[in-house]
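S.K.: Let me give you the structure first, and then I'll get to my questions.
Every number here is computed from the coordinates shown, using simple stated rules; none is lab data. Keep in mind that this is a model prediction, so the values were computed, not measured. Quick reminder, even Gly has a Cβ in these numbers, built from the backbone with ideal geometry, and neighbours come from all protein chains shown.
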């Protein structure tokens with residue numbers, strides 16, 4: 001009887017976690033971000049593509065916040081990129097603020113004094129049979145879901161043509 005209760009509680013916990021993960025991204029808006037080259041090799045962490053984004057450099061917008069969280073507004077850029085899924089219009093950062101102060105797509109970012117801005121989308125784990133294992137950041141564009149609360153999640157990586 002005790003084992004059944006333990007099993008049911010574990011199933012309920014995983015079910016609640018799965019529902020939370022599904023609802024956390026519901027209502028999210030899709031943006032496409034360009035990547036810039038970086039070396040993805042790490043033998044201990046598994047198969048993944050290490051990603052770096054031009055959107056991590058917020059110097060051109062004079063975003064100078066103390067260490068911690070803030071929001072970055074993304075707007076469609078003028079350029080489109082040819083991909084395996086067709087032409088996609090990339091987004092770029094337009095402004096930053098401590099709080100989301102207008103409509104639009106606002107992604108949550110974290111800054112530390114000596115590191116680039118972190119959106120929480122720096123790695124994309126792959127299966128062992130994925131053709132993207134040989135992909136390098138800079139040769140792919142990232143399809144990103146931005147939740148209403150600003151959390152960002154990589155949905156897909158698409159190679160550039």
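S.K.: Give the order of 71, 14 when sorted by the count of other beta carbons within 10 angstrom, beginning with the fewest.
M.R.: So the ranking, lowest neighbour count to highest, is 14, 71.
S.K.: I need 146, 105, 81 ordered by Cβ neighbour count within 10 Å, fewest first.
M.R.: Ranking 146, 105, 81 by Cβ neighbours within 10 Å, fewest first, gives 81, 105, 146.
S.K.: Round to the nearest 0.05 the FRET efficiency obtained for residue 21 and residue 161 when R0 = 25 Å and r is the Cβ-Cβ distance.
M.R.: E between residue 21 and residue 161, to the nearest 0.05, is 0.20.
S.K.: Roughly what would the spin-label model give for residue 2 and residue 128, points 7 Å off Cα along C-beta, in nm?
M.R.: 3.8 nm
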